[in-house]
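To keep things clear, I will list the structure first and then write my remarks on it.
The values are calculated or read from the model by the stated rules, or taken from the named source; none is laboratory data. Keep in mind it's a predicted model, so treat the numbers as computed, not measured. Cβ: placed from backbone, ideal geometry, glycine included. Neighbour counts: every protein chain shown.
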Amino acid sequence: MKKYIISDQNGRLDKVIPELDPSVSRSRAKNLIDDGHVHVNGEAAKPKYKVKPNDQVEIEDAKPQPISLEPENIPLDIVYEDDDVIVVNKPQGMVVHPSPGHPDHTLVNALLYHSPLSTINGEYRPGIVHRIDKDTSGLLMVAKNDAAHKFLSQQLKEQKSLRKYVALVHGRISEDSGVVNAPIGRSPKDRKKQAIVPDGRHAVTHFEVLERFADYTLVACRLETGRTHQIRVHMKYIGHPIVGDPLYGPRKTIAGNGQFLHAQELGFEHPKTHELMIFSAPLPEIFERTLNNLRLNNALGS
């Protein structure tokens, strides 16, 4: 049994439990509560219970579900493939690799069913050269063997790969372009978040305005570095959080399936042929539909 005392956490119990124990996802927290494995101040609680300071939370059997590396027959949107590399267009809502809270149904599970993968990036991340967040859509390069993995990873380290995103952000950005150079590290206030911190890792994002709306701006973002949640943290830092971002954005936002952030362009030198390869992926339907609605509102308001 694990015991916690509520300090500065607030909100529903099923939301707070993953903050107390990051190995427990929100859905698993709800299941634990529903099954009677969670007590607050000695009594069984409901998922919607709003925690208060000094509440004593006890969690039984909060072990993470066993992680599965089993191949799963999940459809993939493969943009390019050869004997060394796969370029895949990941849908919004899919986790890249198994982890506590997401033990299966990931991109890695789907890739293992499709093809052999490299073995040098840890037990649960075969083939994964770089990641994008669960609710970010778009392009990823995947290595099918160890030689390709090492070559592609070195390109990332040397900042030679092209990674260009499209994001819809809150507010109207007045500049046509800019650079955010601010170090990123784990937030001292919330372990689930990243933040701009003095001793964080060097992080640089270039942005360019593509289109302006009444209360929003469409931007292209190019990563010079690749820190966790980099674009999401940097855009919030300059006062323009990404629309729909559940971690870094405002509560009042446009409804969607998570943040409106899409990895649209990916470029790299092929590990065997050394050819420069550049790929692009269209915006998801909900992203395109949202932009069309904003354009319509702009036209009606002008």
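Within the range 196-227, the residues that satisfy the criterion of being free of Cβ contacts under 8 Å to residues at least 60 places away in the same chain, out of contact with any His (no Cβ under 9 Å at 6 or more places or on another chain) and either charged (D, E, K, R) or over 22 Å from residue 283 (Cα atoms) (or both) are 197, 198, 199, 200, 201, 202, 208, 212. Considering the range 213-224, the residues that are out of contact with any Gly (no Cβ under 9 Å at 6 or more places or on another chain) and buried (at least 16 other Cβ atoms within 10 Å of the Cβ) include one that is farthest from residue 290 (Cα to Cα), namely 223.
Residue count for the range 231-250, restricted to those that are hydroxyl-bearing (Ser, Thr, Tyr) and in contact with a helix residue (DSSP H, G or I) (Cβ under 6 Å, 6 or more places away or on another chain): 1.
Return the only residue of 82, 55 being in the same structural domain as residue 143 (by TED's automatic domain parsing) and among the acidic types (Asp, Glu).
82
Given the criteria within 17 Å of the chain's Cα centre (by Cα), within 30 Å of residue 83 (Cα to Cα) and either part of a strand (DSSP E or B) or not small (Gly, Ala, Ser) (or both), does residue 227 qualify? Yes, satisfied.
Of the strands (runs of 3 or more DSSP E) lying entirely inside the range 103-204, those carrying at least 1 residues that are under 22 Å from residue 23 (Cα atoms) are 184-186, 194-196. The residues on offer are 164, 134, 150, and the sole one that is out of contact with any strand residue (DSSP E or B) (no Cβ under 6 Å at 6 or more places or on another chain) and over 30 Å from residue 31 (Cα atoms) is 150.
Looking across the range 241-267, the residues that are part of a loop (DSSP other than H, G, I, E, B) and touching a Phe, Trp or Tyr at 6+ places or on another chain (Cβ under 6 Å) come down to 241, 243, 244, 260. Between 255, 195, the distinction of being under 18 Å from the mean Cα position of the chain (by Cα), over 23 Å from residue 141 (Cα atoms), surrounded by fewer than 16 Cβ atoms within 10 Å (Cβ to Cβ) and in the same structural domain as residue 288 (by TED's automatic domain parsing) belongs to 255 only. Scanning the range 212-253 for residues that are within 16 Å of residue 135 (Cβ to Cβ), at pLDDT 95 or above and aliphatic (A, V, I, L, M) gives 231, 233, 235, 242, 243.
The criterion of being surrounded by fewer than 14 Cβ atoms within 10 Å (Cβ to Cβ) and either among the hydroxyl-bearing types (Ser, Thr, Tyr) or in contact (Cβ under 8 Å) with a residue 24 or more places away in the chain (or both) holds for residue 93. The single condition from (1) among the hydroxyl-bearing types (Ser, Thr, Tyr); (2) touching a residue at least 60 places away in the same chain (Cβ under 8 Å); (3) out of contact with any His (no Cβ under 8 Å at 6 or more places or on another chain) that residue 237 fails is (2).
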